[in-house]
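For reference, the structure is listed below as structure tokens.
The values are calculated or read from the model by the stated rules, or taken from the named source; none is laboratory data. Small disclaimer: the values here were computed from a predicted structure and weren't measured. For neighbour counting, all protein chains shown are included, and Cβ atoms are generated from backbone atoms with ideal geometry for every residue, glycine included. What goes into the accessible areas is simple: the full protein's heavy atoms, side chains included, and nothing from ligands, DNA or RNA. Shrake-Rupley method; radii C 1.70, N 1.55, O 1.52, S 1.80 Å.
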Amino acid sequence: MKLLLIGSGGREHALAWALAKSPKLTKLYAAPGNAGIADVADLVELDISDHQAVIGFCRDNAVDLVVVGPEAPLVAGLVDDLDAAGIKAFGPTRAAAQLEGSKAFTKGVCDEANIPTAAYGRFDAAEDALAYVRKQGAPIVVKADGLAAGKGVVVAMTLEEAEDAVKACFEGSFGAAGAEVVIEEFLEGEEASFFVLSDGTNALPLATAQDHKRAYDGDEGPNTGGMGAYSPAPVLTDALVSEVLKTIIEPTIATLAARGTPFKGVLYAGLMITAAGPKLIEYNTRFGDPECQVMMMRLESDLLDLVLASVDGTLDRAHASWKKDVALTVVLAANGYPGSYEKGTEIKGVTAPSGDAQVAVFHAGTKRDQDRLLANGGRVLNVTALGASVGEARDQAYRAVESISWPEGFCRSDIGWRAIARENEA
Ligand code: AMP
Ligand code: GLY
């Protein structure tokens with residue numbers, strides 16, 4: 001099969017690496033890709049927001065299947081347009097991607113299906129939102145409704161912070177994404193992520209993972225796209241996973257199917273494990289980045305088979321098997337990230353991962369200049385390792401970090417700390 005992979009992050013390098021292992025794959029194209037993806041795919045220059053251009057490329061090159069990595073093209077309806085052109089595509093339609101594209105939409109699904117989540121109000125005028133915040137008091141969570149690249153959420157510990165967040169939203173800090181605001185009850189507990197694959201009807205559980213959203217050690221500093229992750233997440237025990245499937249995932253898939261907008265693709269549930277049980281914080285409608293990198297390290301099954309089962313509606317017959325090992329990834333980011341940073345600095349000591357690697361460096365923002373590897377983004381590399389425990393995976397990953405020379409980059413030194421503390425207690 002000939003595939004086109006859309007995206008350019010560490011998630012897409014991990015997907016490309018996993019897809020390249022499939023005996024069914026005859027050709028992999030990636031748009032726009034990065035220097036690591038170029039080791040396993042032909043990079044093509046395509047404006048992915050121009051859906052007709054993507055369709056044209058697929059027709060000219062007899063592409064059998066398009067795999068969409070990031071959320072923006074899903075919310076923009078790329079899968080709908082490919083479907084309409086008769087080209088198979090993996091991922092949700094625009095309507096189903098509203099689970100990520102609109103927080104108010106997801107809250108509506110939760111109401112309809114009685115899914116445990118934070119109590120909330122939704123507002124399209126600042127005055128009403130401010131009155132609600134004052135009535136509820138702090139701590140409270142203020143969210144821009146639409147896609148805001150992970151920056152549209154303020155967990156306000158004081159009333160003043162909450163009021164400032166509401167005002168910023170309505171003053172246009174997040175553009176159209178902030179025209180409506182969702183204000184939520186503050187949930188206390190430990191966060192974890194759970195990923196399933198759906199074909200519109202069936203849900204195949206994939207794996208659990210934990211991300212590290214803050215930029216610096218000790219979960220300090222600004223929020224980022226994610227500075228490291230591990231899988232599985234020990235906080236999500238088998239019993240909790242069953243509960244999440246029954247009370248959160250299955251009702252969501254049933255509700256979208258009943259509405260005539262079935263969800264196909266990866267459903268990523270951001271959960272808070274509270275004293276009253278697991279509650280949904282948010283949905284994403286794609287693999288996480290960097291959670292995908294650790295999941296692909298652990299996946300034993302053929303990723304292409306799973307993707308096809310989602311597209312073709314045959315997930316009830318599919319099975320995913322995983323390595324028993326823990327996988328952990330450390331993100332190397334450019335100094336200054338998530339604020340401003342330099343591009344074009346040289347990185348040395350990175351080698352391409354083999355198919356059965358115990359340690360793999362997945363590229364995010366990188367490009368090649370002849371034989372030099374250059375940083376080309378905020379998050380730049382994902383140093384990923386397997387180990388018998390989170391502690392072992394961490395030691396392997398940080399050993400691999402040591403072998404990379406990039407003075408203009410930094411990483412957190414404590415990825416995995418929660419799970420390692422648990423391991424040490426046991
Ligand atoms: P979201 O983009 O909705 O995942 O929110 C980003 C982050 O804000 C989450 O990963 C949580 O750490 C935090 N957060 C979001 N909603 C809540 C909530 N209701 N209570 C506590 N923390 C939250
Ligand atoms: N790592 C968080 C995300 O992919 O949304």
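Take 219-231, 364-376 and order them by the average number of nearby Cβ atoms within 10 Å per residue, most first; the result is 219-231, 364-376. For the range 266-337, the carbon plus sulfur part of the accessible surface works out to 47%, probe radius 1.4 Å. Here each label is just a point 7 Å from Cα along the line to Cβ, and for A421 and A84 those points are 5.1 nm apart. When a/c is below 1.5 the answer is rounded, else prolate if a/b is larger than b/c, else oblate, so apply that to the range 22-63 with a ≥ b ≥ c taken from the square roots of the Cα gyration tensor eigenvalues. It is oblate, given that a/c is not under 1.5 and a/b is not larger than b/c. In this model, which of K24/K88; K21/K264; K103/K143; K88/K323; K27/K88 are farther than 19 Å apart at the alpha-carbon? Where the Cα-Cα span goes over 19 Å, the pairs concerned are K21/K264; K88/K323.
Compactness ratio for the range 219-275: Cα radius of gyration over 2.2 N^0.38 Å (N = residue count) comes to 1.44. Here the alpha carbons of the range 304-362 define both size measures, Rg and Dmax, at 18.1, 48 Å. Over the range 191-258, with every protein chain in place, what whole percent of the accessible area is carbon and sulfur at 1.4 Å, could you tell me? Within the range 191-258, the accessible surface is 52 percent carbon and sulfur.
For the range 294-350, the solvent-accessible area with a 1.4 angstrom probe is 42 square angstrom per residue.
With a cut-off of 12 Å on the backbone N, the residues of the range 180-198 near the modelled label site 7 Å out from A275 along Cα-Cβ are 188-189.
Excluding same-chain residues fewer than 8 positions from K246, which lysines have a Cα within less than 16 Å of its Cα? Those lysines meeting the cut-off are K279. Taken as Cα centroids, the range 1-54 and the range 181-200 sit 29 Å apart, rounded to the nearest whole angstrom.
Using a simple charge model, +1 on the beta-carbon of Lys and Arg, -1 on the beta-carbon of Asp and Glu, nothing else, what dipole does the chain show about its Cα centre, in debye to the nearest 20?
It works out to roughly 660 debye.
Taken over the C-alpha atoms, the range 42-147 has Rg and Dmax values of 19.0, 59 angstrom. Positive contributions from Lys and Arg (+1) and negative ones from Asp and Glu (-1), summed over other residues with Cβ under 9 Å from the Cβ of A119, come out at -2. Let me make sure I get this right: for the range 281-380, a, b and c are the square roots of the gyration tensor eigenvalues over alpha carbons, sorted descending. Under 1.5 in a/c it's rounded, otherwise prolate if a/b > b/c, else oblate. Which is it? Since a/c reaches 1.5 and a/b is larger than b/c, the shape of the range 281-380 is classed as prolate. Could you tell me whether the range 199-299 comes out rounded, prolate or oblate from its Cα gyration tensor? Rule is a ≥ b ≥ c as square roots of the eigenvalues, rounded for a/c under 1.5, then prolate if a/b exceeds b/c, otherwise oblate. Since a/c reaches 1.5 and a/b is larger than b/c, the shape of the range 199-299 is classed as prolate. Summarising the overall dimensions of the range 334-373 from its C-alpha atoms, the Rg and Dmax are 12.5, 36 angstrom. Could you work out the helix-only [θ] at 222 nm for the chain, with each DSSP H run of four or more residues adding -39,500 (n - 2.57) and the total divided by the number of residues, to the nearest 500 deg cm²/dmol? -8500 deg cm²/dmol, from helical runs alone.
Heavy-atom accessible area with a 1.4 Å probe sorts K323, K343, largest first, into K343, K323. With a Cα-only, solvent-free Debye model of the chain, what are the log10 I(q)/I(0) values at q = 0.07, 0.09, 0.11 Å⁻¹? Computed log10 I(q)/I(0) values: -0.32, -0.54, -0.83. Placing unit charges on the Cβ atoms of the charged side chains and taking the dipole of the chain about its Cα centre, the candidate lying farthest along the positive direction among F170, G121, A144 is A144.
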